[in-house]
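Presented below is the structure to which this report refers.
The values are calculated or read from the model by the stated rules, or taken from the named source; none is laboratory data. Not measured: the values here are computed from a predicted model. A quick note on method: Cβ atoms are made from the backbone with ideal geometry, for glycine too, and the neighbour counts reach across all protein chains shown. Quick note on the areas: whole protein, heavy atoms, side chains included, nothing else; ligands and nucleic acids left out. Shrake-Rupley method; radii C 1.70, N 1.55, O 1.52, S 1.80 Å.
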Amino acid sequence: MKRFLLAGFFGLVAALSGALAIFIIHEKLTVPAPWDPAPFVEIAQHYDAQIRRDEWGVPHIYGARDADAAFGLGYAHAEDDYATIEEVAIAARGKLAAIKGADAAVTDYLVHLFRVWETVEEKYETHLSPEVRAVMEAYADGINLYAALHPSQVTPGFEPLTGQDVAAGFVFKTPFFYGLDGQLREIFAEERQRRLAEGPAENFYLPLQKPALPKGSNGVAIAPSRSADEHTRLLVNSHQPFTGPVAWYEFRLRSEEGWEVAGGTFPGSPFMLHGHNRTLGWANTVNKPDLADIYVLTLHPEDENKYKLDGEWRDFERQEAEIRVKLFGPFYWTVTREVLFSEHGPVLKTDHGAYAIRYAGMGEIRQAEQYYRLNKAVDFEAWQEAMRLQALPSINYVYADAEGNIGYFYNGQFPARTPGWDWQAYLPGDRYDLIWQHYLPFDKVPQLVNPEAGYVFNANNTPFRAGAADDNLMPETFPSFMGIETQMTNRALRLEHLLGTDPAITAEAFRAYKFDLKYSPASDAGFTRTAFLTLDSEGDSELQEAQNHLAAWDLSTDKANRHAALGVLALQPVILAKLDGKAPPPLAETLKNAAAHLKKHFGRIDPEWGEVMRLRRGDVDLPLDGGPDILRAIYARDYEKDGRLGAQAGDTFIMFVDWAPDGTLTSESIHQFGSATLDESSPHYADQAPLFTEMKMKSVYFEEEQLAPHIKQQYRPGLLPEPAGF
């Protein structure tokens, strides 16, 4: 058997081959009885939720109480994506390897290493309000009702979902959005990756220049002063995988307790993560400031269970993680692995040293509390008060509201570090004064509110270029130890140009800017294209042909473009190498390989781009505009069997939100597939795909009178029989 993926990542497994006879435990398994629906139907009687689905299958959930609405959302979400919700819960429980096998053992170990359940058990009752706990528990009850009524979809042995499971999902997942997984992988490289900081020094640590990410998100807010019609406009445009645990699900929800939202959420979350309520809304984009620190520990020369701190030897805190790994058939492999903690945080031992990691979000459980308060905020003041909770370790926010306020917030739990040290290096682990204890207050977070030019944006770029040049924040006003990014993506360069040169932005222009299809000549893609064209091709006819063709490319990715295929296919290996932290492949070879691929699979070097880039879903197979790091973002890492690219990530759930001067709300949305994310038999499995590929939108029926003519299903889970499909 092949070597266990990422075995060296935590030392859990040396290899599977040659050890099965010793380590496999063949447990006599009994198949658990299917869930008895009676207890869950009885629990459902405590809720009264109404689910109404429109012609697109989007659920509109109503409940008198917030808990009623959350129960309805849980049931509707499970109807459309039960398997993913269940998998998210299993992962947060640290039990995924028992279902998915050896590759998932890393995830299970991290649940123990991050003390996810210690945090939940210690803080669930004390750090989360009764209202939030009631919402999470109601959402779980809705999912459990669905599972009880559909036992064939339940993984054998899966126990009913709880509010604690929902909280654990937030505790576990949120640090990964700023790249904590990359820090952990770095520790387990074959050799130490960074130097050790030796002491304070002036200008020792400058803001981060991280590689421009070829995937991310877009958020734009336009104030009335910048609009041709004095409307306030918001673009919600996160880029996510098309399927899986962080794929978007659209819903609208209303309760009589003031919870009224429309937008997107992830499997396992009962809150609108981004979208809008009646009076305000926001978009999220990923940011990656330096929010984690790695400390090199000094171990006792005679006892490796002790480490030095301020001249004293301290014992590691030790626990054991028992991980059950599915192999094949009835065979399971149960491993017990030591988990260590120091005063700094989790500890990892490698061949080149022992390291502790301290990270933003460590021990935090209030993520759900902040999302709930953001959902229910009615004005800018209340929304900012929710942001001041600082329970979310990262993620940019682009904000707009009916009063015409706009803002950009480089949100994060920024460690209050000792100034002067090189915090981008590894830190000496024997100094207590380098173990930061709290975060900078929210008012110290980079934010640009109601700028004079009337617009803000973010496309995974530096917060120092979030608006017009005269409005932008100045890097020197922030401590260097915050590790703030300084890069610009192509998407950011295009937004900077498009918004900055339009003094009166119309609704039509706003939409056109989101679906812009060009690379900036000043982007990494533009510079790489120039590098391709300046290669020495003397005596190489293949390279000359490819260069001549590439020279005619206008850097656009419209699906009829006959030069984009060669351009994007040549750029993609370079971009992906940068994303993966690897050296780019030889440029001449990359360009010739792209040309050869096109000739082999399409019979020519210049097929239309839409013939190559496809949206595929069941029987649907449609051409797509856009590409990597384009505002119309589309990503496909691998070729499919026919040589085409099947889109896998990028533009997914998109929303345009508009408030007229009198406060009238209008919003439109689109999903790359449809509301039935897993049910291939549903008419909503891919019914939005044709609109999505044409860059068109559908209406969000936020008002009851708007929704009424479009209701195609209406039912109350737990009170009435399950509705027939439509």
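Specify which of the listed residues (Phe515, Phe527, Phe532) is open to solvent by 60 Å² or more (accessible area, probe 1.4 Å) and either more than 23 Å from Arg226 (Cα to Cα) or within 24 Å of the chain's Cα centre (by Cα) (or both).
On the way: Phe515 fails: open to solvent by 60 Å² or more (accessible area, probe 1.4 Å); Phe532 fails: open to solvent by 60 Å² or more (accessible area, probe 1.4 Å).
Just a single option satisfies the conditions, and that option is Phe527.
All but one of (1) open to solvent by 40 Å² or more (accessible area, probe 1.4 Å); (2) within 28 Å of the chain's Cα centre (by Cα) hold for Glu542; state the number of the condition that does not hold.
With respect to (1) open to solvent by 40 Å² or more (accessible area, probe 1.4 Å); (2) within 28 Å of the chain's Cα centre (by Cα), Glu542 is out only on (2).
Quick one: in the range 204-251, of everything that is touching a helix residue (DSSP H, G or I) at 6+ places or on another chain (Cβ under 7 Å), open to solvent by less than 40 Å² (accessible area, probe 1.4 Å) and at pLDDT below 95, which residue is nearest to Ala262 (Cα to Cα)?
Only one residue fits best here, namely Gly244.
Can you name the condition, by its number, that Pro628 falls short on among (1) modelled with pLDDT under 95; (2) out of contact with any helix residue (DSSP H, G or I) (no Cβ under 6 Å at 6 or more places or on another chain); (3) within 30 Å of Ala492 (Cβ to Cβ)?
The single condition Pro628 does not satisfy is (2).
Looking at the range 510-540 only, could you name the residues that are in contact (Cβ under 8 Å) with a residue 12 or more places away in the chain and in a helix (DSSP H, G or I)?
Phe510, Arg511, Tyr513, Lys514, Asp524, Ala525, Gly526, Thr528, Arg529, Ala531, Phe532, Leu533
Just the residues that are open to solvent by 50 Å² or more (accessible area, probe 1.4 Å), assigned to a helix (DSSP H, G or I) and among the charged types (D, E, K, R), please, taken from the range 134-177.
Glu137, Lys173
Taking Gly263 as meeting all but one of (1) at pLDDT 95 or above; (2) under 23 Å from Arg494 (Cα atoms); (3) touching a Leu at 6+ places or on another chain (Cβ under 9 Å), write down the number of the exception.
(2)
Please work out which one of (1) assigned to a strand (DSSP E or B); (2) touching an Asp or Glu at 6+ places or on another chain (Cβ under 9 Å); (3) in contact (Cβ under 8 Å) with a residue 24 or more places away in the chain is the condition Leu348 fails and give its number.
(2)
Considering only residues that are over 29 Å from the mean Cα position of the chain (by Cα) and of a type outside the set (A, V, I, L, M, F, W, C), look in the range 492-508 and name the one that is surrounded by the fewest Cβ atoms within 10 Å (Cβ to Cβ).
Within the range 492-508, the first condition is being over 29 Å from the mean Cα position of the chain (by Cα), and the residues that meet it are 501-506.
Of the ones still in play, those that are also of a type outside the set (A, V, I, L, M, F, W, C) are 501-503, 506.
Values: Thr501: 7, Asp502: 16, Pro503: 11, Thr506: 14.
If we take residues in the range 492-508 being over 29 Å from the mean Cα position of the chain (by Cα) and of a type outside the set (A, V, I, L, M, F, W, C), then Thr501 is surrounded by the fewest Cβ atoms within 10 Å (Cβ to Cβ).
Can you go through Arg373, Arg358, Arg324, Arg337 and tell me which one is at pLDDT 95 or above, open to solvent by 60 Å² or more (accessible area, probe 1.4 Å) and either outside any loop (DSSP other than H, G, I, E, B) or hydrophobic (A, V, I, L, M, F, W, C) (or both)?
Numbers: Arg358 fails: open to solvent by 60 Å² or more (accessible area, probe 1.4 Å); Arg324 fails: at pLDDT 95 or above; Arg337 fails: at pLDDT 95 or above.
The match here is Arg373.
For a quick check of your reading: which helices (runs of 4 or more DSSP H) sit entirely within the range 1-94 and have at least 3 residues that are open to solvent by 20 Å² or more (accessible area, probe 1.4 Å) and either farther than 27 Å from Tyr685 by Cβ or modelled with pLDDT of 95 or more (or both)? First the steps, then the outcome.
Numbers: elements: 7-10, 20-23, 37-44, 66-93.
Because the criterion is at least 3 residues that are open to solvent by 20 Å² or more (accessible area, probe 1.4 Å) and either farther than 27 Å from Tyr685 by Cβ or modelled with pLDDT of 95 or more (or both), the helices (runs of 4 or more DSSP H) in the range 1-94 that meet it are 20-23, 37-44, 66-93.
Between residues in the range 667-686 that are closer than 20 Å to Leu624 by Cα and residues that are part of a loop (DSSP other than H, G, I, E, B) and charged (D, E, K, R), which pairs lie under 8 Å by C-beta distance while being six or more apart or on different chains?
Ile670/Lys696; Gly674/Asp687; Tyr685/Asp679; Ala686/Asp619
Scan the range 602-647 for residues that are open to solvent by 10 Å² or more (accessible area, probe 1.4 Å), farther than 20 Å from His671 by Cα and either part of a helix (DSSP H, G or I) or aliphatic (A, V, I, L, M) (or both) and report the count.
Final tally of qualifying residues: 3.
Inspect all residues belonging to the range 570-589 and state whether any of them is open to solvent by less than 10 Å² (accessible area, probe 1.4 Å), under 15 Å from Gly646 (Cβ atoms) and within 28 Å of the chain's Cα centre (by Cα).
No; the residues of the range 570-589 include none that is open to solvent by less than 10 Å² (accessible area, probe 1.4 Å), under 15 Å from Gly646 (Cβ atoms) and within 28 Å of the chain's Cα centre (by Cα).
Please specify each residue of the range 652-694 satisfying the condition of being under 18 Å from Asp54 (Cα atoms), in a loop (DSSP other than H, G, I, E, B) and open to solvent by less than 30 Å² (accessible area, probe 1.4 Å).
His671, Gln672, Phe673, Gly674, Ser675, Ala676, Thr677, Ser682, His684, Ala686, Gln688
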